[in-house]
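Student: Before anything else, here's the structure in question.
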Amino acid sequence: MNTLRFLVFLALMALLWLPVSAGQLCARDAFDRDVCLTDPAQRVVSLSPGATELLFSAGAGKQVKAVSAWSDYPQEATKLPQVGDSNRLDLEAILTLKPDLVVAWVDGNSAAQLERLEVLGIPVFWLEPRTFQDIARAVEDLARLTGHENPGSVRASEFLAGIAELRDQYRDALPVRVFYQVWHQPLMTINDEELIGRAIQLCGGDNVFGHLPRLVPRLSAEAVLEANPDAIVSGGEGGEDRRWLEQWQRYPDLKAVASDNLFLVSPSLIQRPTLRMLAGAEELCQVLEQVRARL
Amino acid sequence: MHGYSRALAVLGLISLACMLLSVSVGSASLSLADTFSVLTGTGTSLQQTLVLDLRLPRTLSAFATGGLLAVAGALMQVLLRNPLADPYVLGLSGGAAVGALLAMMTGVASAVVSGSAFVGALLSTFLVFGLAHGTGSWTPSRLLLTGVVVAAFWGALIALILAMSPARQLPGMLYWLMGDISPAANPFPALILLIFVCLLVFPLGRSLNVLARGPMQAAALGVSVRPLEWTVYILASLLTAMAVTIAGSIGFVGLIVPHMLRLVLGNDQRLILPACAMAGGALLVLADTLARVVIAPEQLPVGVITALLGVPTFLYLLHRSR
């Protein structure tokens, strides 16, 4: 009898060490930590425009109580109160809102600042989507944490299906050498590891600076002249801004200038690591198709 | 004077060599023969574009900026009779930075950013002169103090602008603050100013030598101190404003080049001022070449290189002069 009781006691103790999975919503964040909530989060604060979009995509729009500056999509997000920008956050404003989940961005927000929130018991979920799979998984994770697991899952699969379709469509397409301009002063571009770089590869393009080690290299115009890409693509400074592309007209010998392959793409579609990236990638693929037709 | 012409000729040759190096070297390096062929009108179209449209204006801008900063630094050191004076001591670079950063924050074209920087620099000069006016004359110490305080004020404004700008504009702003020659398109205004000033300081050189001993002695020796000081202040401010407008606030050149030359060539302003123009220009051209090449195809801002290059060189010269 004593041995049996002892074994039951041991078994019960062992159970305590197992994660209590019944009723807990868990997701692994960008720092490899498991963020677990007992109930779906009802008061969520988003600390970056990308996180805001992903939360709304996950179906959690009504549960988002505050956003960071520059959160302009979807339209409903612009009506929400703002709590600061990147690493200039108003921690007091965040605390006053009594959030039960804070969604942060690895390159945008300061871990040191948000640690203060975690110490006070507010769970922080960090995002860092570097691939299309990461974007889908972010939507799924956020959907799970906010109680929309099924719809979120559906949207994520649709996104991945769209990406796979593009990949298949352009798998055997003629490679187009592309230079994607992120900024003009200093001249910045992206390498193959960055999402825009991956979109270029998806569309059968060849990023002329894709091999560089830095995610966002700063170059000189000379490097572009030497690489002599087939096309120059840019999001511009926001809106319909062709100024940067027109600057390249100074070098009429560039292949891209001679064939008028200077393209502006919608920056909000392609420069945000969100589900809209699919639309951005589609736009980029169409641009590259136009270039192929002229090659 | 014979020694002077020799020294200037040597500096001239060094300057030319540096410029030739700068124009040949880059992401797509050309051999000297290719460079010569381009400069004389032949060569492939790509080479011509590289050398004539990209590198030549940049090299000339770098030379002009370096020369302007070094001459301005030398003039400031004579006027303020203080070896720590550099072209930015009167808050000029701060004013220009505020002008440029405000323009960048509103997203205007590069030409407007340069113009804004120039206006900011001149505004700062007027501000400092206006505030430093005590009962009587502008003494060097009063001017220096006012300049330091105004520069601190600009520094605070710069920090404010950096704190409030959207994150994507920050790299551009930081590059401007560290000194970056790549936006420079048209070197001729700066070059013309540099040549004009060098010709001008030739007659001024003797008076400046006397002034360096102190205003009382200078007045006793027949130099009209007040008009001379005014002229030189205005000149130095104009030179610095032009330099900062082209390339942002490149540090170190204006402070160290005059000292380096004095260690080697003595303290005659008639020699030092034109020598500063050439040595400062050559130093900045070399620094800019390195900035373009060191982590090619990536770029560094040139202000980083001037300090890293200049400090060991200066320490070496200092050590040797003992």
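The values are calculated or read from the model by the stated rules, or taken from the named source; none is laboratory data. Computed from a predicted structure; not experimentally measured. For neighbour counting, all protein chains shown are included, and Cβ atoms are generated from backbone atoms with ideal geometry for every residue, glycine included.
Student: Filter the range B:43-92 down to the residues that are within 14 Å of chain A (Cβ to nearest Cβ), farther than 13 Å from residue B:285 by Cα and either of a type in the set (S, T, N, Q) or surrounded by fewer than 24 Cβ atoms within 10 Å (Cβ to Cβ) (or both) and list them by number.
Tutor: Those that are within 14 Å of chain A (Cβ to nearest Cβ), farther than 13 Å from residue B:285 by Cα and either of a type in the set (S, T, N, Q) or surrounded by fewer than 24 Cβ atoms within 10 Å (Cβ to Cβ) (or both): B:43, B:44, B:45, B:46, B:47, B:48, B:49, B:51, B:52, B:53, B:54.
Residue-by-condition table, conditions (1) within 14 Å of chain B (Cβ to nearest Cβ); (2) modelled with pLDDT of 95 or more:
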| residue | (1), (2) |
| --- | --- |
| A:147 | no, no |
| A:152 | no, no |
| A:161 | no, yes |
| A:184 | yes, no |
| A:235 | yes, no |
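Student: I'm told residue B:149 meets every condition in (1) within 14 Å of chain A (Cβ to nearest Cβ); (2) part of a helix (DSSP H, G or I) except one. Can you identify the failing condition by its number?
Tutor: (1)
Student: Within the range B:292-322, how many residues turn out to be of a type in the set (S, T, N, Q) and either touching a Pro at 6+ places or on another chain (Cβ under 6 Å) or surrounded by 14 or more Cβ atoms within 10 Å (Cβ to Cβ) (or both)? I'd like the intermediate steps shown before the answer.
Tutor: First pass over the range B:292-322, keeping only residues of a type in the set (S, T, N, Q): B:299, B:306, B:313, B:321.
From what is left, the residues that are either touching a Pro at 6+ places or on another chain (Cβ under 6 Å) or surrounded by 14 or more Cβ atoms within 10 Å (Cβ to Cβ) (or both) are B:299, B:306.
Residues in the range B:292-322 being of a type in the set (S, T, N, Q) and either touching a Pro at 6+ places or on another chain (Cβ under 6 Å) or surrounded by 14 or more Cβ atoms within 10 Å (Cβ to Cβ) (or both): 2 in total.
Student: Further, regarding this structure: May I ask you to verify whether residue B:289 is within 18 Å of the chain's Cα centre (by Cα), within 14 Å of chain A (Cβ to nearest Cβ) and either outside any loop (DSSP other than H, G, I, E, B) or not small (Gly, Ala, Ser) (or both)? Full working, then the answer.
Tutor: Working: within 18 Å of the chain's Cα centre (by Cα): yes; within 14 Å of chain A (Cβ to nearest Cβ): yes; either outside any loop (DSSP other than H, G, I, E, B) or not small (Gly, Ala, Ser) (or both): yes.
So residue B:289 passes the test.
Student: Condition first: of a type in the set (Gly, Ala, Ser), out of contact with any Pro (no Cβ under 9 Å at 6 or more places or on another chain) and surrounded by 15 or more Cβ atoms within 10 Å (Cβ to Cβ). Now tell me which residues in the range B:13-27 satisfy that.
Tutor: The first filter runs over the range B:13-27 and keeps only residues of a type in the set (Gly, Ala, Ser), leaving B:15, B:17, B:22, B:24, B:26-27.
Within this subset, residues satisfying the condition of being out of contact with any Pro (no Cβ under 9 Å at 6 or more places or on another chain) are B:15, B:17, B:22, B:24, B:26.
Of everything in the range B:13-27, those that are of a type in the set (Gly, Ala, Ser), out of contact with any Pro (no Cβ under 9 Å at 6 or more places or on another chain) and surrounded by 15 or more Cβ atoms within 10 Å (Cβ to Cβ) turn out to be B:15, B:22, B:24, B:26.
Student: Oh, and also: If residue B:128 passes every condition in (1) within 14 Å of another protein chain (Cβ to nearest Cβ); (2) in a helix (DSSP H, G or I) but one, which one does it miss?
Tutor: Here residue B:128 meets the rest and fails (1).
For every residue, the table says whether it meets (1) modelled with pLDDT of 90 or more; (2) surrounded by 20 or more Cβ atoms within 10 Å (Cβ to Cβ).
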position: A:194; (1), (2): yes, yes
position: A:197; (1), (2): yes, yes
position: A:219; (1), (2): no, yes
position: A:238; (1), (2): no, no
position: A:259; (1), (2): yes, no
position: A:267; (1), (2): no, no
position: A:275; (1), (2): yes, yes
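Student: A further question follows. If residue B:231 passes every condition in (1) of a type in the set (Val, Ile, Thr); (2) assigned to a helix (DSSP H, G or I); (3) touching a helix residue (DSSP H, G or I) at 6+ places or on another chain (Cβ under 7 Å) but one, which one does it miss?
Tutor: (3)
Student: Here's a check for you: in the range A:191-207, which residue that is of a type in the set (A, V, I, L, M, F, W, C) and in a helix (DSSP H, G or I) is nearest to the chain's Cα centre (by Cα)? Don't jump to the end; show me each part of the working.
Tutor: Taking the range A:191-207 and keeping what is of a type in the set (A, V, I, L, M, F, W, C), we get A:195-196, A:199-200, A:202-203.
Next, only the ones that are in a helix (DSSP H, G or I) stay: A:195-196, A:199-200, A:202.
Working: A:195: 8, A:196: 10, A:199: 13, A:200: 16, A:202: 16 Å.
Restricting to residues being of a type in the set (A, V, I, L, M, F, W, C) and in a helix (DSSP H, G or I), the top hit is A:195.
Student: Residue A:218 fails exactly one of the following numbered conditions: (1) more than 11 Å from chain B (Cβ to nearest Cβ); (2) within 27 Å of the chain's Cα centre (by Cα). What is the number of that condition?
Tutor: It is condition (1) that residue A:218 fails.
Student: Now for a separate question. Condition first: part of a helix (DSSP H, G or I) and of a type outside the set (S, T, N, Q). Now tell me which residues in the range A:156-190 satisfy that. Show your work before the answer.
Tutor: Here is the first cut: in the range A:156-190, the residues part of a helix (DSSP H, G or I) are A:156-169.
Hits for the range A:156-190 are A:156, A:158, A:159, A:160, A:161, A:162, A:163, A:164, A:165, A:166, A:167, A:168.
Student: Same structure, new question: Identify all residues within the range A:257-287 that are in a loop (DSSP other than H, G, I, E, B) and under 17 Å from residue A:242 (Cα atoms); write none if there are none. Spell out the reasoning first.
Tutor: To start, the set of residues in the range A:257-287 that are in a loop (DSSP other than H, G, I, E, B) comprises A:259-261, A:265-266, A:271-276.
Listed by number, the residues that qualify are A:259, A:260, A:261, A:265, A:266, A:271.
Student: Further, regarding this structure: Which members of the range A:72-91 meet the condition of being over 15 Å from residue A:117 (Cα atoms), modelled with pLDDT under 90 and away from chain B (no Cβ under 13 Å)?
Tutor: Answer for the range A:72-91, where residues must be over 15 Å from residue A:117 (Cα atoms), modelled with pLDDT under 90 and away from chain B (no Cβ under 13 Å): just A:73.
Student: One residue is enough: does the range B:295-312 have a residue meeting the conditions touching a residue at least 40 places away in the same chain (Cβ under 8 Å), more than 14 Å from chain A (Cβ to nearest Cβ) and not in a helix (DSSP H, G or I)?
Tutor: Scanning the range B:295-312, I find no residue that is touching a residue at least 40 places away in the same chain (Cβ under 8 Å), more than 14 Å from chain A (Cβ to nearest Cβ) and not in a helix (DSSP H, G or I), so the answer is no.
Student: If only one of B:27, B:22 is assigned to a helix (DSSP H, G or I), within 14 Å of another protein chain (Cβ to nearest Cβ) and farther than 30 Å from residue B:226 by Cα, which one is it?
Tutor: Values: B:27 fails: assigned to a helix (DSSP H, G or I).
The conditions single out B:22.
Student: Within the range B:78-97, is there a residue that is under 19 Å from residue B:273 (Cα atoms), outside any loop (DSSP other than H, G, I, E, B) and either touching a residue at least 24 places away in the same chain (Cβ under 8 Å) or touching a His at 6+ places or on another chain (Cβ under 7 Å) (or both)? Lay out the reasoning, then the answer.
Tutor: Initial filter on the range B:78-97 (under 19 Å from residue B:273 (Cα atoms)): B:78-89.
Okay, now just the ones that are also outside any loop (DSSP other than H, G, I, E, B), so B:78-79.
Narrowing the set further to residues that are either touching a residue at least 24 places away in the same chain (Cβ under 8 Å) or touching a His at 6+ places or on another chain (Cβ under 7 Å) (or both) leaves B:78-79.
Yes, the range B:78-97 has at least one match.
Student: List pairs: first residue in the range A:158-185 and of a type in the set (D, E, K, R), second residue surrounded by fewer than 16 Cβ atoms within 10 Å (Cβ to Cβ) anywhere in the structure, Cβ distance under 6 angstrom, at least six positions apart or on different chains.
Tutor: From the range A:158-185, the pairs are A:177/A:206.
Student: So, residue B:213, is that one away from chain A (no Cβ under 14 Å) and part of a loop (DSSP other than H, G, I, E, B) or not?
Tutor: When the stated conditions are applied, residue B:213 passes them.
Student: Kindly provide the set of residues from the range B:139-168 that are polar (S, T, N, Q) and surrounded by 18 or more Cβ atoms within 10 Å (Cβ to Cβ), ordered by number. Let's see the steps before the verdict.
Tutor: Of the range B:139-168, the ones polar (S, T, N, Q) are B:139, B:141, B:146, B:165.
Scanning the range B:139-168 gives a single hit, B:146.
Student: Taking the range A:221-233 on its own, how many of its residues are more than 9 Å from chain B (Cβ to nearest Cβ), free of Cβ contacts under 8 Å to residues at least 60 places away in the same chain and of a type outside the set (Val, Ile, Thr)?
Tutor: Residues flagged as more than 9 Å from chain B (Cβ to nearest Cβ), free of Cβ contacts under 8 Å to residues at least 60 places away in the same chain and of a type outside the set (Val, Ile, Thr) within the range A:221-233 amount to 1.
Student: Got a sec? Which of B:237, B:249 is away from chain A (no Cβ under 14 Å) and in a loop (DSSP other than H, G, I, E, B)?
Tutor: Values: B:237 fails: in a loop (DSSP other than H, G, I, E, B).
Checking each option against the conditions leaves just B:249.
Student: Would you be able to tell me the number of residues in the range B:191-205 that are under 17 Å from residue B:241 (Cα atoms) and either of a type in the set (Asp, Glu) or touching a Leu at 6+ places or on another chain (Cβ under 9 Å) (or both)? Lay out the reasoning, then the answer.
Tutor: Of the range B:191-205, the ones under 17 Å from residue B:241 (Cα atoms) are B:191-198.
Filter once more, so that each one left must be either of a type in the set (Asp, Glu) or touching a Leu at 6+ places or on another chain (Cβ under 9 Å) (or both): B:191, B:193-194, B:197-198.
Summing the residues that are under 17 Å from residue B:241 (Cα atoms) and either of a type in the set (Asp, Glu) or touching a Leu at 6+ places or on another chain (Cβ under 9 Å) (or both) in the range B:191-205 gives 5.
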